[in-house]
Amino acid sequence: MNDHPASSAPPSEPGGEVLATYLSLVAGRELRPDSEQAAAATRLDALARELALPRPTAGLLGRLFGPVLGRRAAPVRGVYLWGGVGRGKSMLMDLFFAQADVAPKRRVHFAEFMLEVHARIAAERRREAGDPIAPVAAALAAEARLLAFDEMMVTNSPDAMILSRLFTALIGLGVTVVATSNRAPDQLYLNGLNREHFLPFVALLQERLDVVPLNGPTDYRRDRLGRVDTWLVPNSPANTATLSAAFFRLTDYPPEDGEHVPAVELDVGGGRTLRVPKSLKGVAVFAFKRLCGEARGAADYLAVARRYHTVILVGVPRLTPDMRNEAARFVSLVDALYEHRVKLLAMADAQPADLYEKGEGRFEFERTVSRLEEMRSEAYLALGHCV
Ligand SMILES: Nc1ncnc2c1ncn2[C@@H]1O[C@H](COP(=O)(O)OP(=O)(O)O)[C@@H](O)[C@H]1O
Ligand SMILES: [Mg+2]
């Protein structure tokens, strides 16, 4: 039996549906036309096709000489997508990742990946005296031929110190890297400690990946947020519905799956974690009672502010004089969110100005009121998350 009747169109190539899928979403008006996105989708489409080709090492020559040479086939050249927030970087990478016909493949948030790498390096050090990076890279390469990183950013020196060697090893082992970032490679880890040791990583990204800007004029996330006021009064079922609709718009999550939004344990440093009851695509949902009603401090709030571009906070009560601890924590939370330009959507029993009418620290609270007002403004909401 012939599975492919000669009269039909040739079967589409495996792994080559990135551009077609993107264009069909535009045609179906789920996405607005955007020439930079179309260009990026074209590049990712080519990458998906290349990844789907049989690997040269699978052939006789590769089998014979691959082990002799001690290396695998030349890696397929990856892509580094960078641009401002809400440009569609994660959306395009997810679309590509779903289409990429390569196994095993792995998509991971870059910050989470680096935590894992440090844990693996520490475990390797306990096992053996030699350089831990090579065995860690080998293990990672065995687990993924395609590594897709969302939100590549470098904010600390331990990461900066190992990235060049780790990624040189991964790419040398045939891993294809795709990444999204808010910054161009040469803008990563700017003014960071010992940046000179980091520069080989910048050179590596520029040489071994195609650097594709995605920096059109439209912040689509802002567009989606545009329809909600960000400080809703009071705590009510109607406002809860508004916030949950905003959550689903921001995360593209089908509302009927609302029960299944994952919770995560966020690493806040010092071996401590914070439970985030709903965490999806850079959006976190918290109840005031848990976030500001328990022994939490600046380190927790900074970890939240770095990890999430949008925080939805529900159940903010009027703060009475006996709630001075809650008020102080709320001040610290708002400071962290503000510093990192995180968008805050809140549901409260009062407007910011009426939230804490009297009590210890009322004077200092005025700054928080002013920040909360600013955080509702068009200008603030147009700013990018800053990590
Ligand atoms: N062309 C587009 N038209 C409409 N919405 C879009 C378009 N591109 C992206 N979006 C939506 O905008 C939001 C932000 O996109 P995302 O990929 O998360 O941005 P980034 O990763 O660049 O910050 C998502 O909800 C996404 O589905
Ligand atoms: Mg993103």
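Sub-7 Å Cβ pairs linking a first residue in the stretch 82-104 that is open to solvent by 40 Å² or more (accessible area, probe 1.4 Å) and of a type in the set (S, T, N, Q) to a second residue that is part of a loop (DSSP other than H, G, I, E, B) and away from ligand 2 (no atom under 13 Å from the Cβ), at least 6 apart or interchain, are Gln99/Gly15; Gln99/Glu17, ordered by first then second residue.
If the condition is being in contact with a Lys or Arg (Cβ under 7 Å, 6 or more places away or on another chain) and farther than 18 Å from Asp219 by Cα, then the stretch 328-387 contributes Arg329, Val334, Tyr338, Asp349, Ala350, Leu355, Tyr356, Gly359, Glu360, Gly361.
Filter the stretch 154-164 for residues that are part of a loop (DSSP other than H, G, I, E, B) and open to solvent by 30 Å² or more (accessible area, probe 1.4 Å); which is farthest from ligand 2 (Cβ to nearest atom)? Across the stretch 154-164, the extreme among qualifying residues is Asn156. Is there a residue being among the hydroxyl-bearing types (Ser, Thr, Tyr) and more than 29 Å from Leu95 (Cβ to Cβ) anywhere in the stretch 161-171? Scanning the stretch 161-171, I find at least one residue that is among the hydroxyl-bearing types (Ser, Thr, Tyr) and more than 29 Å from Leu95 (Cβ to Cβ), so the answer is yes.
Evaluate the stretch 319-330: report whether one residue or more is open to solvent by less than 20 Å² (accessible area, probe 1.4 Å), touching a residue at least 12 places away in the same chain (Cβ under 8 Å) and in contact with a Cys (Cβ under 6 Å, 6 or more places away or on another chain). Yes, because at least one residue in the stretch 319-330 is open to solvent by less than 20 Å² (accessible area, probe 1.4 Å), touching a residue at least 12 places away in the same chain (Cβ under 8 Å) and in contact with a Cys (Cβ under 6 Å, 6 or more places away or on another chain). Being open to solvent by 70 Å² or more (accessible area, probe 1.4 Å) and either small (Gly, Ala, Ser) or more than 18 Å from the chain's Cα centre (by Cα) (or both) is the filter here, so list the residues in the stretch 261-274 that pass it. The answer is Gly270, Gly271, Arg272. Pairs are defined by a Cβ separation below 8 Å, a sequence spacing of at least 6 or placement on different chains, a first member in the stretch 361-379 that is open to solvent by less than 40 Å² (accessible area, probe 1.4 Å), and a second member that is basic (Lys, Arg); the pairs so defined are Gly361/Arg324; Met375/Lys343. A Cβ distance below 6 Å, combined with a sequence gap of six or more or placement on separate chains, defines the contacts here; from the stretch 280-297, residues that are in contact (Cβ under 8 Å) with a residue 60 or more places away in the chain reach residues that are within 16 Å of ligand 1 (Cβ to nearest atom) in the pairs Lys281/Thr251; Gly282/Tyr308; Gly282/His309. Name the residue that is farthest from ligand 2 (Cβ to nearest atom), counting only residues in the stretch 165-192 that are aliphatic (A, V, I, L, M) and open to solvent by 40 Å² or more (accessible area, probe 1.4 Å). Result: Leu173. Identify, please: which residue in the stretch 217-249 is under 27 Å from Val177 (Cβ atoms) and crowded, with 19+ Cβ neighbours inside 10 Å and is, among those, modelled with the highest pLDDT? Within the stretch 217-249, the match that is modelled with the highest pLDDT is Asp219. Return a yes/no flag: does the stretch 165-183 have any residue that is out of contact with any helix residue (DSSP H, G or I) (no Cβ under 9 Å at 6 or more places or on another chain) and in a loop (DSSP other than H, G, I, E, B). Yes. Among the residues of the stretch 127-153, those that are open to solvent by less than 10 Å² (accessible area, probe 1.4 Å) and in contact (Cβ under 8 Å) with a residue 40 or more places away in the chain comprise Ala144, Leu146, Leu147, Ala148, Phe149, Met152. Scanning the stretch 105-117 for residues that are outside any helix (DSSP H, G or I) and within 16 Å of ligand 1 (Cβ to nearest atom), we see that the one that is most open to solvent (accessible area, probe 1.4 Å) is Arg107.
The values are calculated or read from the model by the stated rules, or taken from the named source; none is laboratory data. Note that the structure is a prediction, hence the values are computed from the model and not measured. Here the Cβ is made from the backbone with ideal geometry for all residues, glycine too, and neighbour counts use every protein chain on show. Note: areas computed on protein heavy atoms with side chains; ligands, DNA, RNA excluded. Shrake-Rupley method; radii C 1.70, N 1.55, O 1.52, S 1.80 Å.
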